[in-house]
Amino acid sequence: MASGLVGRVVGTNPSRAARLIPSRWTSSKAVVGAKLKTFQIYRWNADSPGKPELQDYQLDLKDCGPMVLDALIKITNEMDPSLTFRRSCREGMCGSCAMNIDGCNGLACLTKIESESSKVTTITPLPHMFVIKDLVVDMTNFYNQYKSIEPWLKRKTPASVPGKEILQSKKDRAKLDGMYECILCACCSTSCPSYWWNPESYLGPAALLHANRWISDSRDEYTKERLEAINDEFKLYRCHTILNCARACPKGLNPGKQISHIKQLQK
Amino acid sequence: MGATKLSGMQKQVLSLYRGFLRAARSKPTTEDRKRIQTIVSTEFRKNSKEVDRKNFQYIEYLLRLGHKQLDQLKSPDMVSISSVKIN
């Protein structure tokens, strides 16, 4: 869509000018009466030299869906196909599009674009995570920590009726509410300052929430072993109830509360 | 002999290279071992010439990528690696 590009280079950043690409991109359908909003998006490519930068994109909000993900898809389709980000379900269920929008972690598909067109929306990847490209971060450490708590049912005795489900009362099932809904988007863990400073040793709010989910499950018989496995100065007790996790969770869960539940059980 | 002391990052790169060569030795056929060794050594030598010594961000990115590939290669199911040159 070369016809829609603004050819002049805005000379605020000399290294950008040296690369001879337009640093401000505008939608080709910019017409009179359009409500233009500027998005500043974090860009970094391993192959091209240079440091990461915030690139400006201008979009007509009247021509775009209400969520930040709609804006990102529109930018990728019409303006800059090299913009890279993860996305899948577009309805807040998969957790792929987790990123930092205007300073707060959240899912791009659930965050509404602030309609005030004079304000600039800044989109950056999840904080304190290694960046693979643009908005895509390396989640391996996060997934390994989830794996380390052994998030599956473990039993010592076989089921009362072999081959059939292990029964659970409604009251016991209600104990899992607030934990089973976690989609592993990593918004909470990457918003925790304690996790920023100790990502390898501290498990983080998401993994600990899932640890509590299995500890509280009445069908699981390895409760004592699970509690002992995480009863560690670094794995559990790096949590200082900062509670940024509860603020960041796009599903409205409270990992801090679940962590304090584990700490109580440890006594 | 390398008289100057190696920096921490240089040591990491060398230990990753050693790791790749050790993984190559554990593969069944000699042909596979040679192939892995040539691919890995050309990649490392090419990067050592092309990448600026001070470009820590890119070097760390390549180290992380290399460690992930090494973990994949170490598994006994992996037999060999191959590379394709596109001009």
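Residue-level analysis places A:K119 outside the set of residues that are over 18 Å from the mean Cα position of the chain (by Cα), assigned by the TED database to the domain that holds A:P250 and of a type in the set (D, E, K, R).
Flag: B:K68 matches the condition of being under 22 Å from A:N141 (Cβ atoms), within 14 Å of chain A (Cβ to nearest Cβ) and loosely packed, with under 13 Cβ neighbours inside 10 Å. In region A:97-124, the residue that is surrounded by the fewest Cβ atoms within 10 Å (Cβ to Cβ) out of those that are among the hydroxyl-bearing types (S, T, Y) and modelled with pLDDT of 95 or more is A:T122. Of all residues in region A:44-67, those satisfying the criterion of being within 14 Å of another protein chain (Cβ to nearest Cβ) and free of Cβ contacts under 8 Å to residues at least 60 places away in the same chain are A:D47, A:S48, A:P49, A:G50, A:K51, A:E53.
For region B:51-65, filtering for residues that are basic (K, R) and either touching a Cys at 6+ places or on another chain (Cβ under 6 Å) or within 12 Å of chain A (Cβ to nearest Cβ) (or both) leaves 2. For region A:223-236, the set of residues classified as out of contact with any helix residue (DSSP H, G or I) (no Cβ under 8 Å at 6 or more places or on another chain) and either farther than 15 Å from A:Q145 by Cα or of a type in the set (D, E) (or both) consists of A:K224, A:E225, A:E228, A:D232, A:E233, listed by residue number. Among the residues of region A:226-251, those that are of a type outside the set (A, V, I, L, M, F, W, C) and free of Cβ contacts under 8 Å to residues at least 40 places away in the same chain comprise A:E228, A:N231, A:D232, A:E233, A:K235, A:Y237, A:T241.
Reported count of residues in region A:144-172, each being of a type outside the set (A, V, I, L, M, F, W, C), touching a residue at least 12 places away in the same chain (Cβ under 8 Å) and surrounded by 11 or more Cβ atoms within 10 Å (Cβ to Cβ), is 9.
Please list, ordered by residue number, the strands (runs of 3 or more DSSP E) wholly in region A:78-180 having 1 or more residues that are within 14 Å of chain B (Cβ to nearest Cβ) and among the aliphatic types (A, V, I, L, M). Let's see the steps before the verdict.
Values: elements: A:98-101, A:104-107, A:121-124, A:131-133.
Correct list: A:131-133.
When we screen B:S15, B:S48, B:S83, B:S7 for residues that are exposed (fewer than 14 other Cβ atoms within 10 Å of the Cβ), away from chain A (no Cβ under 14 Å) and in contact (Cβ under 8 Å) with a residue 40 or more places away in the chain, the only hit is B:S83.
Scanning region A:30-77 for residues that are surrounded by fewer than 17 Cβ atoms within 10 Å (Cβ to Cβ), on the phi < 0 side of the Ramachandran plot, assigned to a loop (DSSP other than H, G, I, E, B) and not acidic (D, E) yields a count of 12.
The values are calculated or read from the model by the stated rules, or taken from the named source; none is laboratory data. Since we're looking at a predicted model, the values are computed, not measured. With ideal geometry, Cβ positions are generated from the backbone for all residues, glycine too; neighbour counts draw on all protein chains shown.
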